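Here's the structure, in structure tokens; my notes come after.
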Amino acid sequence: MERITKVYGARLALENFHLLIEASECVALLGPNGAGKTTALHVLCGFVRPTGGKVYILGVDLEQNPRLAKASLGVAPQADSLDTELGVLENLVTYASYYGIPRKQAHSSALEWLEFLGLKPYAKEPIDALSGGMRRRLLIARALVHNPKVLILDEPTTGLDPFSRRDVWEAVSRIKALGVCILLTTHYLEEANILADRAIILDKGRKIAEGSPETLVTHYTGELVIELVAPKGRIKELFDGVPLPKGQKEIVADTLRLYLKEGLKDGLKGWLEGLKSVRVLKREPTLEDVYFKLLGNGQ
């Protein structure tokens, strides 16, 4: 995607957005609702035409040759769109027919992907026999049945229990190892931290940060996070009193987060020791800290 801009009337949904994904790379798009993630996906899938810019999929211009470009693209949507009137295997075989794949070849490819994703024992089962995690893996198998080189995963673990979520994570890691490019959207920052080689944070249609999770954490938060948990009425008082500049403190719900670049220094240590009725937690920073620091509700 090169310099993609999308405008709906007077609303700017995406501005000058650039995205290049390498083979075996997973890129996570992060941001609050309305940040531009869905617009970016819809432009890449050809569902909407950009106001400006170009989309290439494996070098093929999406606007000039949409059929050829989309043949290299697999999409696992957030919504469960499996056909409950068809069995597990038939869902994949039928989907493959939309790409002009002969039935015998589609049947073989479907079985391979079902086996790869641990679903082959359920090939003849109805969709309703599958758990939520299995249905999610089946959606991913369906997106891969025509063997695309680019895979879009839109909120792939929404609504799943922790065990099913980890099953999907393991599947995504194995798919990436096959050389498939993956574009992931998620509201689970732990998921992005685990799966993504690179994260892009969007806000109001603009890219505000990009890099590996480790690089973003180092650049924006430093080496230590201190969380002060207190009654909500005291948080503003603590925020105003802590001897740190504005960029190194953030209010998240009933917690004041302090981001330290070089560990705990004497002045701050003395201030912390003087606090009463405040729970103090120290931990390593994460991608979630970056997200809240850039998009949160600091005063």
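The values are calculated or read from the model by the stated rules, or taken from the named source; none is laboratory data. A quick note: this is a predicted structure, and the numbers were derived from the prediction, not measured. Cβ atoms come from the backbone with ideal geometry, glycine included; neighbour counts cover every protein chain shown.
Each row is one residue, and each column tells you yes or no for (1) closer than 18 Å to Leu144 by Cα; (2) free of Cβ contacts under 8 Å to residues at least 40 places away in the same chain.
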site	(1), (2)
Leu20	no, yes
Cys45	yes, no
Gly52	no, no
Leu58	yes, no
Leu62	no, yes
Asp80	yes, no
Glu85	no, yes
Leu92	yes, no
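Of note, Lys236 does not satisfy the criterion of being modelled with pLDDT of 95 or more, of a type in the set (D, E, K, R) and either under 25 Å from Arg283 (Cα atoms) or not in a loop (DSSP other than H, G, I, E, B) (or both). Residue pairs whose Cβ atoms lie under 6 Å apart, sitting 6 or more positions apart in sequence or on different chains, and linking a residue in segment 109-120 that is closer than 11 Å to Leu92 by Cα and among the small types (Gly, Ala, Ser) to a partner that is in a helix (DSSP H, G or I) and modelled with pLDDT of 95 or more, are Ala110/Leu89; Ala110/Leu92; Ala110/Val93.
Collect the residues in segment 166-202 that are acidic (Asp, Glu) and part of a loop (DSSP other than H, G, I, E, B), keeping them in residue-number order. Please lay out each step first, then the result.
Applying the first criterion (acidic (Asp, Glu)) to segment 166-202 yields 167, 170, 190-191, 197.
Passing the criteria: only Asp197.
Taking the criterion of being more than 18 Å from Leu151 (Cα to Cα) and either surrounded by 16 or more Cβ atoms within 10 Å (Cβ to Cβ) or in contact with a Phe, Trp or Tyr (Cβ under 8 Å, 6 or more places away or on another chain) (or both), the residues of segment 94-105 that qualify are Thr94, Ile101. Within segment 1-42, being over 17 Å from Leu58 (Cα atoms) and polar (S, T, N, Q) holds for Thr5, Asn16, Asn33, Thr38, Thr39.
Look at Leu29 and say whether it is surrounded by 18 or more Cβ atoms within 10 Å (Cβ to Cβ), in a helix (DSSP H, G or I) and either over 19 Å from the mean Cα position of the chain (by Cα) or touching a residue at least 40 places away in the same chain (Cβ under 8 Å) (or both).
Details: surrounded by 18 or more Cβ atoms within 10 Å (Cβ to Cβ): yes; in a helix (DSSP H, G or I): no; either over 19 Å from the mean Cα position of the chain (by Cα) or touching a residue at least 40 places away in the same chain (Cβ under 8 Å) (or both): yes.
The answer is no for Leu29.
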